[in-house]
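Remarks on the structure that follows.
The values are calculated or read from the model by the stated rules, or taken from the named source; none is laboratory data. Since this is a predicted model, take the numbers as computed values, not measurements. Methodologically, a virtual Cβ is constructed for each residue, glycine included, from the backbone with ideal geometry; neighbour enumeration extends over all protein chains shown. Side chains included, ligands, DNA and RNA excluded: accessible areas come from the protein's heavy atoms. Shrake-Rupley method; radii C 1.70, N 1.55, O 1.52, S 1.80 Å.
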Amino acid sequence: MSDKVEAVKKLFTSKSSRVETNKGDTYYQELFAKCEARLNEMRSNTPANKLDFTELLEENGIDRREFMKWASATTAMLMLPPMFTPLVADAAVMMNRAPVIWLELQDCAGNSEALLRADGPKIDEIVLDIISLEFHETLQAASGFQAEKQLEEAMEHFKGKYLLFVEGSIPMGMDGQYGTIGAAGETFHDHLVRCAENAAAVVAVGACATFGGIPAAAPNPTGAVGVMDVVKNKPLINIPACPANPANMVGVILHYVLTGQVPELDSLLRPKFAFGYRIHDNCERRAHFDAGEYVEEWGDVGAQNNFCLYKMGCKGPMTFNNCSIVRYNEAVNWPIGVGRGCIGCSEPDFWDKYAYERPMADAKIKAPTGGVEKTVDEFGLGMLTAAGIGIAIHAAASTVAGKRENSGENHE
Ligand code: SF4
Ligand code: SF4
C-alpha cells in the first residue's frame, strides 16, 4: 500500500503545485490560521460517537508512519501545500465530530456499497467508518416509525451542522409520486427539501444524485433530476461517478472538518481537487494513444498489449475525474486498467451521451480538444504521425485548460 500512497502523492503533488501557483504564501498562512482555529473549535465539541480513530488504526495494523504518509498524500489531493499535513491528520482523527445524514432516493445503492467496502479497511475506509453517520435508512437497524423518529431527532440535534449526503435522483413526474418515503407517503422531492433545510451543506453523491444518472436516461420515464435541480438555497457539492469514489467522499468531509467550508468547485459544482483532471491526461495507456497504437477489436494483439481503448469507445478524452489516479478498490485498479474504456460516468447525461462502445466520431460527440480525436477516426492512422497527434492534442488540451482556468466556464 505504501507504494500506492507514494504514487498518488507524487501525482497529486505535481498537479497541485501546478494548479495553485497563483496563490501566494499569505493566502496559505491565513488559511492555515483559519483551519487551526476551526480544529480547536471542533476539538471542544463532544464526539457524536465513541469510535476512536487512533485505536482503529492500531487494530488494523496501521502505524503512525503509514498514517502520516496517507495524510501527506491526502493533503496533496486536496491541493494544499505540505505545511497542512499535520492539520489534515488532526482533521481525520476528528471525523467523528462531523454529523452526516444520508438519504437514499431513486438509486441502486451503489454509492452506499462504495461507502461500506467490506474488505480489509485501509485509512480512507477507517475515516469513513468513524464519521458520525446519524441516519442511513439502508444501513441502520431501525426501520418504519423508529427510523423516522431517528431522522427527526438527528436533524433537530445537529440543526445547521450536519452534512446531508444524498444518493439517487429525484423523480419529478406525476407530482413526484414515482418515489415516496415513510408512512405519510412523503415524496422524495419533499423529503429532500425538508432534510436540506437545516443542513450545513448538501453533498450529492454518485451519477444519479448529481446529474440524474441512469434514471434520467432517455426517455426518462420518471422525470428524474439531480439534487441541484431541487435544492437551490444551500451550499451544494456534486461528487459524481458510478459509483462515487470513497476517496472523494473522504476528501469532501475532511475539507469540511478542516475548514468549515465547501471545497473549491468547478462550474458543475464538482470539487476541483477531484474533478480538475481529465482521465485522458493521467491515463496509463496515453503513450499508446500518442503513438497511434489502438485496440481495434476485443481480444486482438492491441488488447493483449494494453494499447489505447479510444477506438473501442473510450471517453477518457472528455471526462473529468481522478479515478485514473486514485483508482478503485483500495487503489488496486480502475476500468481502463482492466481493459474497459471510460464511459464518462462523472459527466452530465453520461448514459445517453457517452456510454457507447463506439469511438466518439460514431457517437457524434464533439471532443473538447477541438475534434482531433475525430480526425484520427476519419483519416486513419497512416495519415497522421504519432508526434503530430500528440502535439495537437496537448496544444488543444492546454488551450481548453487555460480557458477553463481563466473563465471558469464549463468544459462541456
Ligand atoms: S483514449 Fe482512453 S484509453 Fe486511450 S489514452 Fe485516452 S483515456 Fe486512456
Ligand atoms: S474510467 Fe470513466 S466510466 Fe470508469 S469510473 Fe472513471 S470516469 Fe467513470
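Observations on the structure shown:
- Between the stretch 186-205 and the stretch 31-46, the Cα center-to-center distance that results, in Å: 27 Å
- Cα-based Rg and Dmax for the stretch 294-363, where Dmax is the largest Cα-Cα distance (Å): 12.1, 35
- Length gained on full extension, ALA303 to ASP281: 5.9 nm, using 0.36 nm per residue less the C-alpha separation.
- D_trans [Stokes-Einstein, Kirkwood Rh over alpha-carbon pairs] for the stretch 200-285, 25 °C, 0.890 mPa s, µm² s⁻¹: 178 µm²/s
- Overall form of the stretch 139-283 per C-alpha gyration tensor (a/c, 1.5; a/b vs b/c): oblate
- Of all DSSP-defined beta bridges confined to the stretch 102-249, some 30% are antiparallel rather than parallel.
- Surface composition of the stretch 135-179: carbon and sulfur atoms hold 53% of the protein heavy-atom accessible area at a 1.4 Å probe.
- Pairs beyond 23 Å (Cα-Cα), from LYS34/LYS272; LYS234/LYS315; LYS50/LYS159: LYS234/LYS315
- The calculated P(r) of the stretch 252-314, using every Cα pair and 10 Å bins from 0, goes 21, 31, 18, 19, 10, 0 in percent.
- When the trypsin sites (Lys or Arg not before Pro) in the stretch 144-234 are filtered for DSSP coil states and for at most 11 other beta-carbon atoms within 10 Å of their beta-carbon, the remaining sites are LYS232.
- The C-alpha atoms of the stretch 189-347 occupy a region whose extents along the principal axes are 57, 41, 25 Å, arranged from largest to smallest.
- The Rg/Rh ratio of the stretch 2-275, with Rg taken over Cα atoms and Rh as the Kirkwood radius over Cα pairs, comes to 0.97.
- The stretch 47-108: trypsin sites (Lys or Arg not before Pro) falling in loop per DSSP and having at most 16 other Cβ within 10 Å: LYS50
- Taking 0.36 nm per residue of separation and subtracting the Cα-Cα distance, full extension of the segment from LYS232 to TYR28 would add 70.4 nm.
- Every pair of different Cα atoms in the stretch 230-270 enters the Kirkwood calculation, which places the hydrodynamic radius at 11.0 Å.
- Modelled label reach - ARG65, point 7 Å along Cα→Cβ, the stretch 72-102 residues with backbone N closer than 18 Å: 72-73
- Here the stretch 65-106 is treated as a Stokes sphere of Kirkwood radius computed over C-alpha pairs; at 37 °C and 0.692 mPa s its diffusion coefficient rounds to 283 µm²/s.
- Overall Cα dimensions of the stretch 148-212, principal axis frame, Å, largest first: 33, 28, 15
- Between GLU357 and LEU116, the modelled labels are 2.9 nm apart [label points 7 Å from Cα along Cα→Cβ].
- For GLU186, the residues 5 or more places off, or on other chains, whose built amide H falls under 5 Å of its own are ILE181.
- Mean Cα-pair separation over length for the stretch 2-275, i.e. relative contact order, pairs under 8 Å, 6 or more apart, %: 19 percent
- Among 339-346, 213-220, 238-245, the order from most to least packed when residues are scored by Cβ within 10 Å on average: 238-245, 339-346, 213-220
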